[in-house]
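S.K.: My structure is below; once you've seen it, I'll send some questions.
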Amino acid sequence: MHQPPISQIDSTDPEIAQLIHDEARRQAEKMRLIPSENYVSLAVLEACGTVLTNKYSEGYPGKRYYEGQQVIDQIESLAIERARALFGVDHANVQPYSGSPANLAVYLAFAQPGDTVMGMALPMGGHLTHGAGVAVGGRWFHAVQYGVRRDTGRVDLDEVRDLALKERPKIIFAGGTAIPRTIDFPAFAAIAAEAGAVLIADIAHIAGLIAGGAHPSPVGYAPVITTTTHKTLRGPRGAMIMTDAAHASAIDRAVFPGLQGGPHNHTTAAIAVALKEAAQPSFRAYAAQVVANAAALASALLARGYDLISGGTDNHLLLVDLTSKGIGGKPAAKALDRAGIELNFNTVPFDQRRPFDPSGIRLGTPAITTRGLTEQHMPQLAAWMDDAITAATKDDEAALDHIAAEIRDLLAAYPTPGWSPNP
Ligand code: DSN
């Protein structure tokens, strides 16, 4: 049963309704370890499904290009105030449609096409929008990229500094999508100041950890902070850009009218709801548990001989090089999915294989922690992963199906918000 109900879709569009039912069951029965995913609360789900989707509101509270903003202005103002209070920033723009448009707004605000920009290379753990050659940042700008050290798997801050001083980028991104270690925002800030660059902290993956006090904050170091709202922060699909006072109007102009039209007001309301949830004491406990679970899972995998990039994790995320296990990341991820363990194949630093068939897998604990799993479950999870990877190397599909059944049995005791198998 869905909550909020989808009885109208059931009667008017049974095909789509059935697919929503199927996806809800899949999310309930799988050990969801994709580190950028989560389960939002019922309140966030409800906000996403309201009449707020009917309204256009180009502009910002008090300065709109359409009438009828008496209520929408209040909703967006609340979302802004909650973001400011939660993260301790001067200014928040809650309108970016998602993380990629948020980062595109940063380019628009602080660089001209052809300018030098700098970010972490995608195969090293960075993000597509931080200067990768296939995306706008790499195609319209002169993007220079830093990585991690081969011996430690950690960001090489000497390389970052050397590159920044040599290339003098207009902007430097700190952050990424496959970084298992604490990001040293003070060090990045010192480098950016020396190089004359604007430091952009992309905290998409760790926003919930920062809000919950489980990762150091970039506030006071990075004048511009971009984040999605749906990863560890556990809100709806969306994004925010937070700034100090000096960079606020450049970002606001870049988001609208520079890049986007009307904000998605149902999403804005859901972001506001999620920000209120993230300000509760229970969210601090959640953030700490996400990190504790990841550490416990890392220990259990290390004990089974797995090669973790950087040797472990400080946050919610683990990056595993499967080379020593004799299997590529992609066949491993597919086998694990069949075994009820959902994660993604991923490049590892200095990967010798191709990006679509890389050596690693990436996983994390935000979603399973929301369901209530704790450190005590992590040795069993590591054992299931290990068994599934062994089964994959032997094409033992029966073993994979057996693990999937065991996982379904365990997870039945940990409900998902928004859906239950009972009619
Ligand atoms: N797709 C997101 C992730 O999985 O990390 C980044 O945008």
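None of the figures in this text is laboratory data; all of them are computed from the coordinates on show. This one's a predicted model, so the numbers in the text were calculated from it and none came from an experiment. Cβ placement follows ideal geometry from the backbone for every residue including glycine, while neighbour counts extend to all protein chains displayed.
S.K.: Report, in listed order, any pair from 231/394; 166/325; 30/330; 276/334; 30/325 with a Cα-Cα distance greater than 30 Å.
M.R.: 231/394; 166/325; 276/334
S.K.: Now for a separate question. For the stretch 64-112, rounded, prolate or oblate, judged on the Cα gyration tensor with a ≥ b ≥ c (square roots of eigenvalues), a/c < 1.5 rounded, else prolate if a/b > b/c?
M.R.: oblate
S.K.: Return a whole-number percent for the relative contact order of the chain, with Cα pairs under 8 Å and 6 or more residues apart as the contact set.
M.R.: 23 percent.
S.K.: Between the stretch 89-123 and the stretch 206-229, what's the alpha-carbon centroid distance in Å?
M.R.: Going from one Cα centre to the other spans 15 Å.
S.K.: Compute the FRET efficiency between residue 288 and residue 11 as 1/(1 + (r/R0)^6), taking r as their Cβ-Cβ distance and R0 = 35 Å, and round to the nearest 0.05.
M.R.: 0.20
S.K.: Rank by packing, highest mean first: peptides 179-187, 160-168, 32-40, with packing defined as the count of other Cβ atoms within 10 Å averaged across residues.
M.R.: Highest mean packing first, the order is 32-40, 179-187, 160-168.
S.K.: Assuming a ≥ b ≥ c are the square roots of the Cα gyration tensor eigenvalues, decide whether the stretch 86-184 counts as rounded (a/c under 1.5), prolate (otherwise, with a/b larger than b/c) or oblate.
M.R.: Cα axes put the stretch 86-184 in the oblate bin.
S.K.: Over all directions, average the projected area of the Cα convex hull of the chain and note it in nm².
M.R.: Taking a quarter of the hull surface, the average projection is 20.4 nm².
S.K.: Now, a different point. Let's see if you can work this out: charge +1 on each Lys and Arg Cβ, -1 on each Asp and Glu Cβ, no other charges. What is the dipole magnitude of the chain about its Cα centre, in debye to the nearest 20?
M.R.: Approximately 480 debye in magnitude.
S.K.: Further question: So, by mean Cβ neighbours within 10 angstrom, what's the order for 231-243, 278-290, 82-94 with the highest one leading?
M.R.: 231-243, 82-94, 278-290
S.K.: Measuring from centroid to centroid over Cα atoms, what is the spacing of the stretch 280-342 and the stretch 7-79 in Å?
M.R.: Between the Cα centres of the stretch 280-342 and the stretch 7-79 lies a distance of 30 Å.
S.K.: Working out 0.36 nm times the residue gap between residue 395 and residue 409, then minus their Cα-Cα distance, what length gain in nm do you get to one decimal?
M.R.: Length gained, residue 395 through residue 409: 2.7 nm.
S.K.: Do the sum for the chain: with -39,500 (n - 2.57) for every DSSP H run of n ≥ 4, divided by all residues, what is the mean residue ellipticity at 222 nm, to the nearest 500 deg cm²/dmol?
M.R.: My calculation for the chain gives -13000 deg cm²/dmol from helical runs alone.
S.K.: List the aspartates and glutamates whose Cα sits under 20 Å from the Cα of residue 63, skipping any in the same chain fewer than 8 residues away.
M.R.: In chain and number order, the partners are 73, 76, 81, 90, 252.
S.K.: I want the local charge near residue 243. Using Cβ-Cβ distances under 10 Å, sum +1 for each Lys or Arg and -1 for each Asp or Glu among the other residues.
M.R.: Summing Lys/Arg as +1 and Asp/Glu as -1 gives -3.
S.K.: Tell me the label-point distance for the pair residue 334, residue 152, using the 7 Å Cα-to-Cβ offset, in nm and rounded to one decimal.
M.R.: That separation, rounded to one decimal, is 3.8 nm.
S.K.: Same structure again: Only sites in a loop by DSSP and with at most 15 other Cβ atoms within 10 Å count here; which chymotrypsin sites (Phe, Trp or Tyr not before Pro) in the stretch 332-422 make the cut?
M.R.: Here the sparse-neighbourhood loop sites are 350, 356.
S.K.: Next question. Hydropathy at least 0.5 by Kyte-Doolittle, axial extent at least 30 angstrom from the Cα trace: which helices of the chain, defined as entire DSSP H runs, fit?
M.R.: Span-like helices here: 281-303.
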